[in-house]
Structure formats: C-alpha cells, structure tokens
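Some notes on the structure that comes next.
Just so you know, all these numbers are worked out from the coordinates, no wet-lab data involved. Only a predicted model underlies this, so the values are computations on that prediction, with no experimental measurement involved. Backbone-built Cβ (ideal geometry, glycine too); neighbour counts: all protein chains shown.
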Amino acid sequence: MKLWDYCVRDDSNPKELAGMAEKLGWNGVCILGDKEIVKGRTETELVRGLVIDEKSPEIMKRRVIKERKKFGMIAVEGRDDRMNRVALETPELDILLPGKDGRIDAVMAKLAKENNVRIAFEFGVLLHSTLEERGRIFSQMLKNAQSVKTFKAPFAIVSGALSEFGLRSPSELTAFGKVLGFDESEIKKSMSGHVVEENLKRLAGKWIRPGVEVGE
Amino acid sequence: MKLKRLPTMKEKKRYLTFRVHSDSPLSYDDVKGAALNSIINWMGEKGFSHSNVKMIRNLWNSGKQEGWLSCTPKSVDDVKVSLALIHQIGDAKVIIRVLRVSGTIKSGKEKTR
C-alpha cells in the first residue's frame, strides 16, 4: 500500500522536502501552496494542492468549486464552527483542516460522511504549540476523533509540516492516530493516497464517474 | 545483594530503535535529555513511571545517529508520539524517527541487517 502525506504547508523548497519525505518512507506528499513544484531526483511523488483560507464561508465555497479543476488536492482552513460546517457541506472539497480549536460534532461528522470530505488531524498543530496549549488542543482532537469514529466519517492523519523538519514518518503518524483511538487498518487506509490518484485522473480528463474511465 | 523477582512477575519489554535526522551530529546526552523530557511532558510523571522508559547508552551509534530505548508494550505508541514531538535539540532542528520495534535486542539487530 502506498503512503501519502496529504498536507504539507511548505512550498519554499520542494526538492529538500521530497528528499526528506523519501528518507522517512513516504511514497507521496501533497504540498499545499501557490508555487510550481520542481521535483528532484527522488522517488517520492509530489502533488500540488491548494489551501483556502477565507473569512467568509460563502466565498470559500465559491473558490473551492472554481479551483477544483486546477489542483490535485483542495483543503480548507477551518476558522470557526460555521466555516467548518459550510466546508463539510461542500462535496468538491477533499480535506478540512479544523485548526487548533476546530470542533467537530455529530452533525458535522454525518455531513463529512455524506459529502466524503476528510477531517484532518494535524500533527503539526501539536508540534508547534506550547506545552500549555498542547493539552487543550489534544483534548479537542480526542473529542473530534470520537465523533469521527462514531459516525464513520472519513478522516486523514497528516503532518501539516511547515518545513522539511516538520515532516514525520508514517510510523509516527500511525502512532498518533492510534493514540487518538483509531484502528491501525483505518489509519493506513486513510493515508493510502487514493484521493490524490482519483483527483489526478480527473485532472487528466480520463475520469468520467466512479468506475468509468477513458482507456488508452 | 541482588534482589530477584519471580519470572512470572517480570515485565515485558519492547525495544525501539530510532534514528535522529539533523543538520549536525548530536551527542547521546543531548538526545537522551530531549527524549526523556518530551516523554515526561507528553505522558506525565505517572505515565512515565508506568511505561518504564530507559535509554540504552551502550547501543548508541554516534556515526549513524541511532539509538535504542526500552519501554512497556502498552506505552509504545505514546513513546513514539513523544519522540515525534521533538523538533529541536539545542540549536539543531531534528526529526526522531522510530525505525523498528522489537521484543529483544537480538531480534532488533537482526531486523536491521
């Protein structure tokens, strides 16, 4: 099974990032940024994604629909409950980054499942927080994970790295997922990269609908 | 006098082999200090005492920057998360990556080959 990190926020030096990702054992990394990606001589695949950070949920929704056909991965930065709710109501969206204090309740988890929007659990948020904040953030993450598990909503364990040294190996992120209460098989499945592969097929124009593709 | 424990009362162990990725090589003491500090911060003093975490000095490889750590089987995931939460030792930015988890040092070394 391939292993993908869906959310890396550093697009300053993709070559070094790809080198480090390869060392850590990733098959692919999704870089959320504006710059074009120049890949070095590594086997790790790099895909360009977009993170949308808007104040208004309506503008965010319009941007997601507009940018859908340009990027391999689209993520939304959740600012508050309303933003999270509207993001989870948008089926064009791939992944929601709920942020430090993002709350996911039962209704949101059901919406996520209905619209197949992944709820991200970012390790980077914990990594770059102070000791005081860390307990509070992790406690909220545990509550969110409980809602996600109860309603079997899709989720993703991501590094959310701000630099190459913010990356963590699949084994560490799996341990993080297990501490949150997910099963190992679910976690591996969430990192498998089928979202990106499907999106890339759509971008290439080969995809018609689930199960129907244009042949060579 | 050496105190003996009944074999059935012995705690099981897991050995974690880890590698430190950083710009500059680090000493065993620096890595040990950072690792134990991070584990205490993440698991608390009570969790730390239950997990029976020990760093093994003899097995530190300064060339490869690889080390060994032992803990109880239940606490493996928490120890991994604690090590992943280290992003800086001194001035050096680091990633500590757990390479493998084994039941004995011998099997861990065999897996390395």
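Computed over the range A:4-204, relative contact order equals 21 percent, with contacts defined as Cα pairs under 8 Å that lie 6+ residues apart. When Rg and the Kirkwood Rh are both derived from Cα coordinates, the Rg/Rh ratio for the range A:1-51 amounts to 0.92. Calculated FRET efficiency, A:Arg82 to B:Asp23, Cβ-Cβ distance, R0 = 41 Å: about 0.45 to the nearest 0.05. By the Cα gyration tensor, the protein assembly as shown has an equivalent ellipsoid whose semi-axes, rounded to whole angstrom, run 37, 22, 18 from largest to smallest. Taking A:Gly124, A:Gly181, A:Gly193 as the candidate residues, the one with maximal mean-square fluctuation in a Gaussian network model of chain A, Cα springs under 10 Å, is A:Gly181. The orientation-averaged shadow of the Cα convex hull for chain B, equal to a quarter of the hull surface, comes to 8.1 nm². Only Cα sites of the range A:10-145 enter the Debye sum here, all with the same form factor; the resulting log10 I(q)/I(0) across q = 0.21, 0.22 1/Å is -1.24, -1.27, listed in q order. Considering only alpha-carbon pairs that sit under 8 angstrom and 6 or more positions apart, the relative contact order computed for chain B is 41 percent. Take the alpha carbon atoms of the range B:47-113, find their center, do the same for the range A:79-147, and report the distance between the two centers in whole angstrom. When both Cα centres are located, 30 Å separates them.
Other residues with beta-carbon under 15 Å from the beta-carbon of A:Met60 carry, at +1 per Lys or Arg and -1 per Asp or Glu, a net charge of -1.
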